[in-house]
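Worksheet: the structure to be examined is printed underneath.
The values are calculated or read from the model by the stated rules, or taken from the named source; none is laboratory data. Not measured: the values here are computed from a predicted model. Cβ placement follows ideal geometry from the backbone for every residue including glycine, while neighbour counts extend to all protein chains displayed. Ligands, DNA and RNA are stripped out before the accessible areas are found, and what is left, the full protein with its side chains, is counted by its heavy atoms. Shrake-Rupley method; radii C 1.70, N 1.55, O 1.52, S 1.80 Å.
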Amino acid sequence: MATPSQAPTEAVFFFVEDHIAREMLYPEFEAILDGFVPMPEYAGKTARAAYLVIDSQLQITALVFFLIAFDARGIADNRWNLPLQTLVAQAAGGPDLGAGPIRLVCFSQCPAVWQRSSLWDPDMQPGRNSFVMLRKAVTSNRLGLIRRQLEPQADTALAHREAQEIKKALHQQYSQAMRDRLARLLKEQRLRITTINNRHQRQREELSRNHQHRLELYRDKVHQLQAHNRELTGRLESLKEDFSAKLQKIDGMREYFSRKLKTVRQDDDAQWQAMREHYELEFSTRLQNETMALEERLEMREMELLYRHQQESALKEEIARLRQENQSLLLRGEGHLLERLDQAGLKLVAFQPGVGPVTVSPDEVGDYLDNPEAFAAREAGVSLPVYRDWLAHCRQPECAASTTEGESCGEPLVTVGHPADFHAGESDRCATHQIVQRQRLAT
């Protein structure tokens with residue numbers, strides 16, 4: 001029986017939107033990884049690519065759909081170390097692209113769960129099917145691969161006997177072949193369904209994060225407006241009190257001088273006129289002095305606020321600088337341990353409630369050690385207060401509302417599984433207190 005004698009070929013294809021933009025053999029891809037060959041078209045972007053194993057008949061036998069990032073110069077990320085050959089060796093079966101079921105590795109079908117963040121799911125929609133595009137690209141043979149012809153049988157009599165045996169066993173093999181084909185079709189459909197479900201899940205999570213972000217912005221804006229309103233109300237009350245005190249003082253002075261004028265008027269009209277002018281001048285001077293004093297106090301308050309803002313900005317800059325120094329000291333530790341671990345393929349994986357296992361890069365170790373909860377909140381796509389409220393809810397899933405007697409409701413609740421789905425004031429309330437909360441917000 002004829003068998004191909006050529007070793008399989010490794011290649012890498014790059015995708016742009018819904019078409020294949022570039023094809024190369026694996027040695028050329030290794031040169032890109034080593035930084036010898038830049039890719040300006042992917043500068044500052046994360047490219048979608050596929051690793052292919054092609055047999056001597058130009059048919060695909062294995063596929064890995066992976067992601068790779070490039071810097072602003074188009075140089076590949078030197079931390080990228082996805083073991084493509086190892087993943088292919090551990091991969092499960094995929095669709096049949098002409099040489100039997102391929103070995104497939106993608107986001108929805110990955111033998112190593114911690115590597116899923118570096119993978120993506122192929123598009124299986126009609127007209128944009130990634131498998132069909134790859135099969136056509138390999139068949140067109142733009143890489144100039146050599147197709148090996150099957151060697152003819154040396155012994156025609158032996159071939160004739162084998163043909164007779166195949167003919168006799170055809171009936172038994174036909175049913176098995178049909179079952180295998182049906183199983184492959186079912187597996188392809190399950191992969192398609194898993195891919196679609198993952199896409200919809202990511203879209204739903206993105207919408208939920210955007211909604212949560214907008215909700216947080218609106219809440220912060222309301223809090224700011226309320227604080228500003230309270231500040232203005234306080235200032236208005238203070239000015240009213242000052243104005244009332246000044247008005248009472250002016251009224252007292254006016255009454256005093258009026259009496260004095262009446263007394264003087266009885267004695268001499270000239271003296272009365274002089275006293276009146278003196279009164280008006282003194283009144284105008286006092287009013288002007290009081291106005292200037294109030295203006296100076298307001299200016300002093302504004303200068304104090306400006307100085308306080310400057311101090312806050314300086315402190316924030318100092319905190320940012322200290323964090324950078326802490327991060328650089330951590331990265332420049334003895335022997336560059338974190339970088340050596342990363343280059344050796346060892347990853348730091350942290351487990352936090354609500355986000356599961358999270359890979360921590362060397363650049364993020366300082367942030368994680370400073371505040372693990374803030375790190376987990378960022379990975380979950382929510383703010384730190386929301387994440388802490390969600391943690392309290394998970395630890396004690398009870399209604400947090402207060403009854404009319406001032407005691408906690410304590411009604412058991414269904415635990416919200418993801419922080420992005422948690423809304424304070426609703427998710428931690430029972431059905432009865434949710435209605436009460438909506439009525440309060442409506443009023």
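For region 2-157, a crude dipole built from +1 on the beta carbon of Lys and Arg and -1 on the beta carbon of Asp and Glu, taken about the Cα centre, is about 200 debye to the nearest 20.
Once all protein chains are placed together, ASP18 keeps about 70 Å² accessible to a 1.4 angstrom probe. Computing FRET efficiency as 1/(1 + (r/R0)^6) for LYS136 and PHE351, where r is the C-beta to C-beta distance and R0 is 41 Å, gives about 0.40. The value obtained for region 32-110, namely the Cα convex hull volume divided by the number of residues, is 110 Å³ per residue.
Every pair of different Cα atoms in region 351-443 enters the Kirkwood calculation, which places the hydrodynamic radius at 14.6 Å.
Sorted largest first by accessible area at a 1.4 angstrom probe radius, with every protein chain in place, the residues MET292, MET253 fall in the order MET292, MET253. Note that region 387-404 has calculated 3J(HN,Hα) couplings of 5, 5, 4, 5, 4, 4, 5, 5, 5, 9, x, 10, 5, 8, 6, 9, 7, 5 Hz, one per residue in order, obtained from phi through the Karplus relation 6.51 cos²θ - 1.76 cosθ + 1.60 (θ = phi - 60°); glycine and proline are x.
If a spin label sat at a point 7 angstrom from the Cα of ALA112 along the line to its beta carbon, no backbone N atom of region 29-70 would be nearer than 13 Å. Taking all protein chains as shown and a probe of 1.4 angstrom, HIS211 keeps an accessible surface of around 90 Å².
A Förster distance of 45 Å, applied to the separation of the beta-carbon atoms of LYS249 and ARG204, puts the FRET efficiency at 0.10.
The GluC sites (Glu not before Pro) of region 355-439 that DSSP puts in a loop, and whose beta carbon has at most 10 other beta carbons within 10 Å, are GLU405, GLU407. Please report the base-10 log of the normalised intensity I(q)/I(0) for region 198-281, using a Debye sum with one equal scatterer per alpha carbon and no solvent, at each q in 0.16, 0.27 (1/Å). Listed by q, the Debye log ratios stand at -0.79, -1.13.
In whole Å, how far is the Cα centre of region 122-143 from that of region 206-222? If you average the Cα positions of each part, the centres end up 40 Å apart. Calculate, for ARG438 and ARG161, the FRET efficiency according to 1/(1 + (r/R0)^6) with r their C-beta to C-beta distance and R0 60 Å; round to the nearest 0.05. FRET efficiency, ARG438 to ARG161: 0.10.
Exposure check, 1.4 Å probe, all protein chains in place: ARG192 carries approximately 70 Å² of accessible surface.
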